[in-house]
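S.K.: Here it is: the structure, laid out below.
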Amino acid sequence: MAGIVYLVGAGPGDPKLITVRGVECIQQADVIAYDRLANPVLLDYAKPGAELIYVGKLPDRHSLPQEEINALLVAKAQEGKVVTRLKGGDPFVFGRGGEEAMELKQHGIPYEIVPGITAGIAAPAYAGIPVTQRFVSSSFAVVAGHECPNKEQSSIRWDKISTAVDTIAFYLGVKNLPLICEQLITHGRDPLTPVAIIHWGTMAEQKTVVGNLETIVGIAREEQISNPSIILVGDVVNLREEIKWFEGDSGL
């Protein structure tokens with residue numbers, strides 16, 4: 001008899017931001033397959049004897065290719081085990097959760113999707129930046145900061161996205177920051193549009209730098225900002241000085 005697979009969003013980094021249901025799924029699991037951006041502290045909820053399998057990815061190095069992760073989930077569930085696939089953020093926001101759910105469906109494996117708080121909202125919130133704000137931003141988009149290297153061409157419609165929404169969050173895009181800024185400016189975004197980069201959002205080591213589309217590349221280089229980071233583009237960035245609360249310079 002097949003087991004079940006829980007596709008769980010671990011949240012943006014701070015282990016206290018996982019959902020109650022997410023914790024329950026970790027506690028029930030016989031097998032936990034966890035990502036690089038899922039806080040390892042969450043594994044403390046695992047029951048004694050649970051099998052812990054690291055399946056994290058870096059842009060240039062994967063511990064397991066996605067196809068093998070899919071096969072692992074199927075195989076463990078077919079052994080009758082309760083499997084929790086623990087992902088940073090939300091399973092369906094750049095988390096490959098849809099691919100995994102489709103694979104499980106094809107093999108007749110029961111599964112449950114457990115949403116998590118995505119970093120594109122949480123990291124700005126911890127930096128004191130609301131992604132929407134009355135009279136400032138009525139629209140918000142999330143965009144991949146890097147795409148699959150096997151793609152022949154980008155699927156990002158720069159001519160549309162650059163000016164279609166007020167606030168844009170780019171995930172894990174620091175390496176491509178010069179390209180992102182260039183494309184936004186080329187396709188009509190004001191070069192003076194404010195930009196914030198939040199590194200390790202919601203974690204104790206969180207660091208935020210602010211500039212605009214013309215200056216942020218130099219600022220990020222000078223401050224040695226790297227991934228994991230969220231790049232936030234839009235006038236809402238100007239609210240940070242008034243709302244910031246989490247980082248050391250906020251007085252907390």
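S.K.: If GLN183 passes every condition in (1) in a loop (DSSP other than H, G, I, E, B); (2) over 17 Å from PHE94 (Cα atoms) but one, which one does it miss?
M.R.: So GLN183 meets the others, but not (1).
S.K.: Another question about this same structure. For the condition farther than 25 Å from GLY88 by Cα and not aliphatic (A, V, I, L, M), what is the one hit in PRO124, PRO228, PRO130, PRO194? Reasoning before the result, please.
M.R.: Numbers: PRO124 fails: farther than 25 Å from GLY88 by Cα; PRO228 fails: farther than 25 Å from GLY88 by Cα; PRO130 fails: farther than 25 Å from GLY88 by Cα.
When all the criteria are applied, what remains is PRO194.
S.K.: Tell me whether the stretch 145-162 contains one or more residues that are within 27 Å of GLY9 (Cα to Cα) and in contact with a Gly (Cβ under 7 Å, 6 or more places away or on another chain).
M.R.: Yes: one or more hits.
S.K.: Can you name the residue in the stretch 52-73 that is closer than 12 Å to ARG85 by Cα and either of a type outside the set (Val, Ile, Thr) or part of a helix (DSSP H, G or I) (or both) and is also modelled with the lowest pLDDT among such residues?
M.R.: The extreme case among them is GLY56.
S.K.: Go through (1) within 17 Å of ALA164 (Cα to Cα); (2) in a strand (DSSP E or B) and name the single condition ASP190 misses.
M.R.: It fails just one condition, (2).
S.K.: Would you mind stating whether PRO91 is surrounded by 12 or more Cβ atoms within 10 Å (Cβ to Cβ) and more than 23 Å from VAL210 (Cβ to Cβ)?
M.R.: yes
S.K.: Quick one: which residue in ALA220, ALA204, ALA169, ALA196 is surrounded by fewer than 17 Cβ atoms within 10 Å (Cβ to Cβ) and within 22 Å of the chain's Cα centre (by Cα)?
M.R.: Within the list ALA220, ALA204, ALA169, ALA196, the selection yields ALA204.
S.K.: If you go through the stretch 32-41 one residue at a time, do you hit one that is assigned to a loop (DSSP other than H, G, I, E, B), at pLDDT below 95, out of contact with any His (no Cβ under 8 Å at 6 or more places or on another chain) and surrounded by fewer than 18 Cβ atoms within 10 Å (Cβ to Cβ)?
M.R.: Checking the stretch 32-41: at least one residue is assigned to a loop (DSSP other than H, G, I, E, B), at pLDDT below 95, out of contact with any His (no Cβ under 8 Å at 6 or more places or on another chain) and surrounded by fewer than 18 Cβ atoms within 10 Å (Cβ to Cβ).
The values are calculated or read from the model by the stated rules, or taken from the named source; none is laboratory data. All values derive from a computational prediction rather than experimental measurement. Backbone-built Cβ (ideal geometry, glycine too); neighbour counts: all protein chains shown.
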